[in-house]
Every structure is written in C-alpha cells, then in structure tokens.
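The block underneath contains the structure these notes are about, expressed in structure tokens.
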Amino acid sequence: MVLSYQARIKEKLNWDTVQVLVTPLVSVIIPSYNHGNFLLEAFKSVWEQDYPTFEIIVVDDGSEDNTAEVAQSAMGVVYIYQKNQGLSAARNTGIKNAKGELLVFLDADDWLLPGAIATNVAYLQENQQLAFVSGAHDKVYEEEGLVVEEINEISSDHYLNLLQGNYIGMHATVMYRRWVFDEFLYDTSLKNCEDYDIYLKVARKYPVQHHTKRIAAYRLHNSNMSGQIPAMLKGVLFVLDRQRELVTTDSERKAYLKGKSIWKNYYCQQLYKREVANNSAFPYRTLFTFLKHKPTLLFRYFLRKPAMIKSMLKKSTPAFGLRWIHKIFLHKKYVPPVGKVRFGDFAGTTPFSNKFGYDRGGPVDRYYIENFLQKEAAVIKGRVLEIGDNEYTMQYGGKQVIKSDILHVNDSNKRATLIGDLSAAPQIPDNTFDCIVLTQTLHLIYDFKGALATCHRILKPGGALLLTVPYITSVANDEWGGTWYWSFTDKVLRMLMAESFPGGEVEVGSYGNVLAASAFLYGMGHSELSTKELDAYDPQFQVINTVKAIKA
C-alpha cells in the first residue's frame with residue numbers, strides 16, 4: 001500500500017497527530033536526447049506519485065527523434081528546446097526555468113518509484129539545514145531481465161564517503177533545495193560524472209543526508225553513458241582530482257587517495273571482464289587504460305592462456321614474485337611462508353565496524369539471509385508470522401500474504417500483534433500460520449528447543465518455517481548481547497529439525513568461507529566483497545545456516 005503524503009510525513013517524523021503541512025512545489029527536470037520512446041514511462045512515474053504539488057519540465061537537448069511530439073502532447077508538461085549542448089547544459093536550462101523550491105533530476109530513460117517525492121520531501125522538511133537528500137535505487141538490467149536493489153547505508157561523514165566513491169549511484173534519488181543552484185551549477189565542460197562533481201562540491205560545504213528507502217529505477221542498456229568505461233574512468237578521476245587541493249585533514253586526504261584507488265580498480269576490473277568476454281584483441285584505448293591505471297591486469301590477460309608460461313613462472317620465481325603472481329590470480333594456491341604473512345588492513349585487534357557492517361554497505365550475513373528468503377519466497381504466503389517486525393514478510397511475500405503478524409517478547413513494540421516468549425506461547429492457537437519467518441532469532445532464545453516446538457505447533461499442516469541462524473559471528477554489543485546464547489552448525493540443525501519436525505520435509509543450507517567469515521568478523525559490508533567471493537562455500541567456515549521445514 002502506498003502511503004499518502006501526510007501519512008508518510010507522520011511515519012518519517014513519528015508524529016502522534018498529522019498536522020496540516022505546506023507542500024512545497026517540486027520541479028522534476030527531465031533532460032532528453034533522442035530518448036522520446038522512454039518519456040511516457042518517466043512521466044507516468046511522476047504523475048502516479050502521492051505528492052500533490054509538482055511540475056514536470058522536459059529539456060529537449062537537440063533530439064532528432066519524437067521527443068518533442070511526446071512531450072508537447074503530454075498535458076501539464078513544460079517543454080523547452082535547445083540545440084544540443086550536453087547533459088549538464090540541459091540540466092542548467094531546467095534549473096533556470098524551474099519554479100519549484102525543491103528540484104529532482106530524472107533522466108528520460110529512468111523512472112521514480114512509488115512514494116519517492118513524498119519520502120525525500122519528508123527528510124528535507126525534518127531538517128531544514130540539508131542541501132540535499134538521497135536514497136537507494138533499483139538497477140534494471142534490460143537485456144538480462146534482472147532487477148538489483150542498490151542500498152548503501154551511509155549515516156555520517158558524507159563528504160569523506162563521497163571521496164571514496166559515489167555511494168548515491170543514481171541522480172534521480174537526490175532531491176535538492178533550489179538555493180543550492182544559486183551557488184553551484186552543472187559544469188558544462190564535463191562530458192560525464194557531472195552529478196558526482198555536484199555531490200562533492202555541495203557535501204564539502206553543506207550538510208546532506210542519505211537514507212535506504214528506494215526512490216528510483218536506473219535502466220541499464222547499451223546506450224547508457226555509464227557503459228563507456230574508459231571515458232567514465234577518465235571523467236571520475238578528473239572530478240575527484242578537483243578535490244585534491246581542497247582536502248585539508250588527514251582523514252580527507254586518506255579518503256581522497258583511497259577513492260582514486262577504488263575507482264581505478266572498479267572500472268579496470270569492469271573493463272577487463274568485458275574485454276575477456278569479447279574474446280578478442282584489446283583495442284588501443286583499453287591497452288592504454290590498463291597501462292596507465294592497472295598494468296597488472298594487462299599482464300594477467302597476456303598470461304591467462306599459456307599454461308606453460310604460468311608453470312615456468314611458478315617454478316622459477318622467488319617468494320616475493322610468487323606473491324605478486326598470486327595477486328593477479330595466476331597462482332591461486334600460493335600460501336605465504338611462515339612469518340611472511342602480510343596482514344595489511346587486518347593488522348589490528350579491533351574491527352572496522354562494531355555494527356556488523358551496517359555502516360559499510362550492509363552485513364555479510366544479510367547477503368546470505370536475503371538470498372535464502374528470495375529463493376524460498378514462494379512459501380511466504382497466507383497468514384505469516386515474523387519476529388520483531390514484518391519487513392521480510394512484506395518484501396518477499398508481498399501480495400501472497402493475506403495477514404501479517406508480528407511477535408515480540410514484550411509490549412515495547414507498538415507494531416506487535418502478538419506478545420510472548422516463542423519458547424512458551426500457549427496463548428497462540430495450534431495450526432494458525434501458513435509460514436513463520438524466523439531470521440537471526442533462535443540463538444537469542446535459551447530454550448531454543450521449546451521455540452522450535454512452538455513453531456511446529458502453531459504452523460498449519462503443510463506450513464513452512466524459514467529459519468536462519470549464525471555460526472561464525474561476533475556478539476552484539478547492544479541489548480541483544482545479553483541473550484546471545486548459541487551458534488548452530490548445519491549438522492546440529494539437521495538433528496534438531498528431525499526432532500522438532502518429525503515426518504516433515506527439511507532442507508538445511510550453509511553459507512560462508514574463510515574470507516567472508518573474516519570480513520564479517522571485522523565488520524566489513526557485503527558490498528566490499530564480490531559476489532564470487534561471497535558465494536564460494538567452505539564447510540569449515542559456516543557464517544550462516546538456513547532451514548526450510550515443512551510441517552507434515
């Protein structure tokens with residue numbers, strides 16, 4: 001259900017009573033260059049917002065397609081034509097013609113998600129000092145038919161985080177105050193990364209905020225500017241280099257240098273994967289990019305096929321050379337000699353984060369938990385019980401859910417529909433639920449066998465328990481640390497479920513490896529590891545174990 005604007009304000013600000021609020025005019029500026037076939041979808045996403053006061057401005061940057069026809073035939077859309085000058089100039093034209101107090105820039109081939117405008121307005125009205133607010137987005141891979149949520153949890157040090165990378169990722173998730181553009185405009189000399197340039201300039205001087213609510217959808221297709229990898233790398237490094245003379249503290253200088261390294265590694269890895277997939281000789285521009293920014297990848301490419309050269313290198317290269325060859329993945333089984341291990345950033349006795357990585361892009365264990373729930377989403381249906389909240393119920397069950405219940409151990413949770421201890425809950429009738437979502441909870445219950453017995457009792461015949469438990473983990477340093485009792489291996493889960501769900505269908509899953517476990521213990525975010533690194537499984541290093549149990 002899409003909340004009304006005032007309901008969204010109430011939810012965001014936690015007000016007990018809804019007040020009559022002034023709804024500032026929001027200008028949605030849509031630059032278009034030969035993207036007329038996408039415009040109606042963009043318009044529709046704005047028209048269907050639950051926010052009452054907005055205007056749509058289309059800036060036609062010299063299109064030769066049907067952009068003018070589509071825009072001029074749409075009721076209420078302001079259409080402006082200019083000779084082709086580029087994206088920055090088109091956005092600046094939109095700014096000059098905008099009447100709104102708040103501004104959103106929506107590319108013609110993207111669209112806003114429901115509630116986007118009202119959500120960002122709520123944040124700006126809560127904090128009048130903010131220059132802009134940004135949120136999460138969906139990446140829509142057209143050819144693959146794939147949608148990926150891009151959610152970065154950044155709650156502070158926004159300028160430092162932007163120096164290390166563009167955590168915003170999509171411009172349409174940003175809502176600006178109009179006065180920002182009295183001081184800053186988009187740099188028309190930039191061929192790309194003009195949005196990143198604005199973020200850095202504004203965040204260095206003014207407070208900004210980022211949240212994890214999904215605001216917009218970013219369509220990826222062959223004509224995207226962001227698909228031009230060498231040009232994007234050149235552009236992003238140029239924009240970042242503009243900050244070099246402006247950073248003043250040690251933390252800013254370190255963030256700037258780290259950012260340069262991150263950007264080079266990211267784009268060169270993307271370029272390498274693309275060229276290897278093409279299975280053809282590297283073009284000169286690619287060769288130059290690797291030589292300048294990542295020569296190890298060029299060396300890796302030339303040596304990836306000739307097994308004889310690899311073998312000779314392994315046999316004749318000294319230890320320091322073998323380490324280097326290992327880093328470019330030519331010697332995967334290399335183990336450093338005793339006393340020669342380099343700890344790098346791991347050479348410390350305190351983790352990078354004490355928040356399980358929530359402040360670094362999301363916990364490693366949540367990657368496994370959410371993949372498991374996505375895989376088993378078909379059984380999250382009918383009447384569903386979840387502990388503490390119903391976020392996963394609604395995210396993965398959606399329209400399949402007829403009734404969603406929330407169980408909490410005491411009455412402090414105002415959203416709870418049921419109060420009680422899962423290990424002893426006689427007040428909950430037998431055979432009540434079609435599904436129970438029990439994520440990261442069983443280890444907090446001393447009588448976990450009693451909790452499993454309750455789950456079995458209150459499930460309907462044929463109902464499903466979706467359970468996740470930790471094995472390798474740190475212990476929470478908040479209120480939950482006081483009841484952090486257990487860890488569970490996949491083997492003990494099979495034994496427990498045989499006892500708790502006699503005659504039922506039980507599937508036990510296990511996820512993790514030494515790298516994922518180490519990253520999780522140090523508080524790294526799952527976005528700091530690749531999918532390949534996360535998906536590798538080693539039963540010696542079980543981070544998360546899962547159960548799907550069907551009651552007989």
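Of note:
- The set of residues in segment 379-398 being touching a Cys at 6+ places or on another chain (Cβ under 7 Å) and outside any strand (DSSP E or B) consists of VAL379, ILE380, LYS381.
- Residue tally, condition open to solvent by 50 Å² or more (accessible area, probe 1.4 Å) and either over 21 Å from THR546 (Cα atoms) or among the aromatic types (Phe, Trp, Tyr) (or both), over segment 417-463: 10
- Selected residue (criterion: least open to solvent (accessible area, probe 1.4 Å)) from residues of segment 85-114 that are more than 25 Å from ASN66 (Cα to Cα) and more than 26 Å from the chain's Cα centre (by Cα): GLY100
- Matching residues, segment 474-501, being in a loop (DSSP other than H, G, I, E, B) and under 10 Å from ALA549 (Cα atoms): PHE501
- Taking segment 75-84 as the range and being more than 34 Å from the chain's Cα centre (by Cα), surrounded by 15 or more Cβ atoms within 10 Å (Cβ to Cβ) and not aromatic (Phe, Trp, Tyr) as the test, only ILE80 passes.
- Positions within segment 200-218 being of a type in the set (Phe, Trp, Tyr) and either within 18 Å of ASN127 (Cα to Cα) or surrounded by fewer than 19 Cβ atoms within 10 Å (Cβ to Cβ) (or both), in sequence order: TYR206
- For segment 1-31, the set of residues classified as buried (at least 20 other Cβ atoms within 10 Å of the Cβ), modelled with pLDDT of 95 or more and not β-branched (Val, Ile, Thr) consists of SER27, PRO31, listed by residue number.
- Test for ILE445: is it farther than 25 Å from GLN374 by Cα, touching a Phe, Trp or Tyr at 6+ places or on another chain (Cβ under 8 Å) and hydrophobic (A, V, I, L, M, F, W, C): yes
- When the residues of segment 519-552 are filtered to those that are of a type in the set (S, T, N, Q) and open to solvent by less than 40 Å² (accessible area, probe 1.4 Å), the one that is farthest from ASN477 (Cα to Cα) is THR546.
- Annotation: of all residues in segment 434-450 being in a helix (DSSP H, G or I) and aliphatic (A, V, I, L, M), the one that is farthest from ARG383 (Cα to Cα) is LEU444.
- Residue, nearest to VAL70 (Cα to Cα), within segment 46-59, restricted to residues that are at pLDDT 95 or above and open to solvent by less than 10 Å² (accessible area, probe 1.4 Å): VAL58
- Residues located in segment 479-502, provided they are open to solvent by 30 Å² or more (accessible area, probe 1.4 Å) and touching a Lys or Arg at 6+ places or on another chain (Cβ under 9 Å): GLU499
- Filter pass, GLU149 being open to solvent by 70 Å² or more (accessible area, probe 1.4 Å) and within 22 Å of TYR196 (Cβ to Cβ): yes
- Reported count of residues in segment 503-514, each being modelled with pLDDT under 95 and surrounded by 15 or more Cβ atoms within 10 Å (Cβ to Cβ), is 1.
- Here the strands (runs of 3 or more DSSP E) wholly within segment 115-187 that include at least 1 residues being more than 18 Å from the chain's Cα centre (by Cα) are 132-141, 175-177.
The values are calculated or read from the model by the stated rules, or taken from the named source; none is laboratory data. The model shown is predicted, which means the values in this text are computed figures rather than measured ones. Neighbour counts are summed over all protein chains in view; Cβ atoms, including those assigned to glycine, are modelled from backbone coordinates with ideal geometry. Quick note on the areas: whole protein, heavy atoms, side chains included, nothing else; ligands and nucleic acids left out. Shrake-Rupley method; radii C 1.70, N 1.55, O 1.52, S 1.80 Å.
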